[in-house]
Amino acid sequence: MAKISDNVIEEIKRRISLEDVVSRYLNLTKKGDRYWGLCPFHDEKTPSFTVHAEKGFFHCFGCNKSGSIFDFIMEMEHLTFVESVERLAKEAGVTLTQESESDRKRRSEVESLRLLYDRIAASFHYILLHSDSARHAREYIQKRHVSKEMQERYLLGYAPDDPFWLYSFLISKEYSPQLLEQSGLFTKKNKEYPLFRNRLMFPIRNAQGQVVAFGGRDLSFSSNAKYINTPETALYKKREMLYGLYESLSEIKKEGKAVLCEGNFDVIALAQSGVVGAVAPLGTAFTVDQGKLLKRYCDHLTFLFDDDEAGQRALAKSALIAEQQGFENSVIVLDDAKDPSEMLSQKGEKELFTATERRKSLFHHLVHSAINRYDSSQATGKLQIFTELRPFLEATESEIVRQSYFRDLASYLQVDVSVLLYDYQQQQKPVHSIHKGEDEKRRFTHIRKVKQSTDLYMMLTLINNRSLFSSYRNRIRIEHMVDEQAIELFTILEDVLRENPTISDELLLHYISDVDVRELVAKSFQMPEFTLEAERTLNDALRNIEVRELEKVRKRVEQLLSIAEKEGGKQLEVTDLLFEKKTLDEKIATLKGG
């Protein structure tokens, strides 16, 4: 991250208030010491979004987003932390602290890559439209019934078959060999040989519209890899991006819905037919990061996957992510074609649009799919169907919705709903959140009402009272902590406070890479309980952790004692174990009493 000083952060906050910035995006009403408004990050009818002007943090009680003025700008304008600081600094007339040489070099490389990708995308697009070498590419697009409007909207291009032109072209434009090696445009084996040859090119753009990668469709029809994508670079992380998001972003935000399909041509076919919000993963299964990205802009997600076995497996996995993210889900099934692109070619835009209007409940689709594969007239078949649907039921956060699913499933299987509920409750394990920290996040609605892990509560207290860290760090034994989020916070404090003991809350937040942990910390900054009697809280937590460790030791001693007594162990061995247990009992009792 660029070298931004706490002085810069404080000066920006002094000159620009959070409530003024937020007021540009939504209407705020002051009640007590807070401003209230409708949350810009999720749909709601009753205001649950608050701005605490004095502390300089916002929080939504509906979707749990929290943060500072910089976080708000990051979310609303899709910027990085550094970019949000730069924007607000410019507005406030604040000069940024000089970057370190390494930070400057990295920023320069990233900016050069961005310019490079924009230039190459424009070149590929021009070649597709005007070059004789791209004649067969234009004919192929025509066969796929892609309109001129869509070619422009998605900036389609063509990478020539010539293996030498790209490297020499970019060198002639004064791009360095080192940058080209990092660009992802050339093969690893030969740094001058283009990754994309004789391919129809699909630029991949981020939410700001910048080209950050490419997908390429083979037009020789002889390659083993029909589609390939740019490898991950400083600009591009495929798990965090969706093809077509930028092109459909305004529609998605306006309508509050998106359609997730499988391929680039499917996205274009749907958009051409007037379907709102078509996007696709980038050569991978739908990921949690992609789900979270979509959830920023919409609450309804429709799936349109191929109706073959592979497509239905992908749908089942994606459904879990969507359900855990809290989307309202539906599914489209195309009866007369295997995918949207094929239907566009064979039936036309009107037929494709009409077909997408017939949307079904995702849960009912999964039920019918399972019933088609198992014999629901037999007890074993009913169990197989229930077992297959169980992860989806566990991923459903709303108990009302889950109970509705149970009633529908019982009707399909012709069993009493109480039987399904009994089996579910008997076998139920803690819900496995796909995203680390999700359970902790849900429990954090109010720390006094819902108990947190001792480890996490201790670290949140310490992070709110960082001046105490030096006196407590040697008393905290990281190997005794069991909460992963607490361990992450301890590690961050170790690293950050060594460099900057007086770091501001805003800067500290942006050393935390895990989004859920960052939101927990941001929320804690707004809660006075973390600063009241901090030393007492920390001492209590350390005592509780020590009790927990001693109880583990006592349990092992009790197990050894039980074995020794059952197997007729030596009296001396039994006596020693009894003495050790008595000592542990006394220590635990003393600590609990203290």
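Each reported figure results from applying straightforward, stated rules to the coordinates on display, with no laboratory input. Remember, predicted model here, so these are calculated numbers, not experimental data. All Cβ positions, even for glycine, are placed from backbone atoms using ideal geometry, and neighbour counts span all protein chains on display.
Residues L389, L460, ranked from the fewest to the most other C-beta atoms within 10 Å, line up as L389, L460. Only beta bridges with both residues in the chain are counted; by DSSP, about 75 percent of them are antiparallel.
Note on E535 and L129: the model spin-label points, each 7 Å out from Cα along the C-beta direction, lie 7.1 nm apart. Along the charge dipole of the chain, which of Q325, M201, G256 sits closest to the positive end, that is, farthest toward it, with unit charges on the beta carbon of Lys, Arg, Asp and Glu (+1, +1, -1, -1)? Working it through, the farthest residue towards the positive pole turns out to be G256. Footprinting exposure proxy ranking of K143, K523, fewest other C-beta atoms within 10 angstrom first, gives K143, K523.
Once Rg and Dmax of the Cα atoms in Å is worked out from the coordinates, which option in [x] 27.7, 91; [y] 28.7, 95; [z] 27.1, 101 does it equal? Structure-derived value, by its label: [y]. The helix-based estimate of mean residue ellipticity at 222 nm for the chain, built from -39,500 (n - 2.57) per DSSP H run of four or more residues and divided by its residue count, is -16500 deg cm²/dmol to the nearest 500. Mean separation of Cα pairs under 8 Å and 6 or more residues apart, divided by the residue count, gives the chain a relative contact order of 9 percent.
Cross-link partners for K191 among the aspartates and glutamates, with Cα-Cα distance under 14 Å and sequence neighbours closer than 8 places in the same chain left out: E181. Each part reduced to its alpha carbon centroid, the range 512-558 and the range 232-296 end up 39 Å apart. Taking the longest Cα principal axis of the chain as reference, the axis of helix 6-15 is set at about 70 degrees.
Placing dummy labels 7 Å off each Cα toward the beta-carbon, the span from S562 to T590 is 2.8 nm. For the chain, the longest principal axis of the Cα atoms and the long axis of helix 362-373 meet at an angle of about 80 degrees. Report the Cα centroid-to-centroid distance between the range 485-508 and the range 27-75 in angstrom, as an integer. Here the answer is 25 Å between Cα centres.
Computed about the Cα centre, the dipole magnitude for the range 220-303 is approximately 180 debye when only Lys and Arg (+1) and Asp and Glu (-1) carry charge, each at its Cβ.
Overall shape: prolate for the range 100-236, with the ratio a/c of the largest to smallest alpha carbon gyration tensor axis at 1.5 or above and a/b above b/c.
For the range 326-361, GluC sites (Glu not before Pro) are listed when DSSP marks them as loop and at most 13 other Cβ atoms sit within 10 Å of their Cβ; the list is E357. Legend: residue pairs K555/K587; K55/K295; K238/K295; K254/K360; K148/K253, Cα-Cα distance threshold 20 Å; pairs beyond threshold, K55/K295; K254/K360; K148/K253.
Each Lys and Arg contributes +1 and each Asp and Glu -1, all at the Cβ; summed about the Cα centre of the chain, the dipole is approximately 220 debye.
Computed extension length for K338-L96: 81.7 nm, one decimal, from 0.36 nm per residue of separation with the Cα-Cα distance subtracted.
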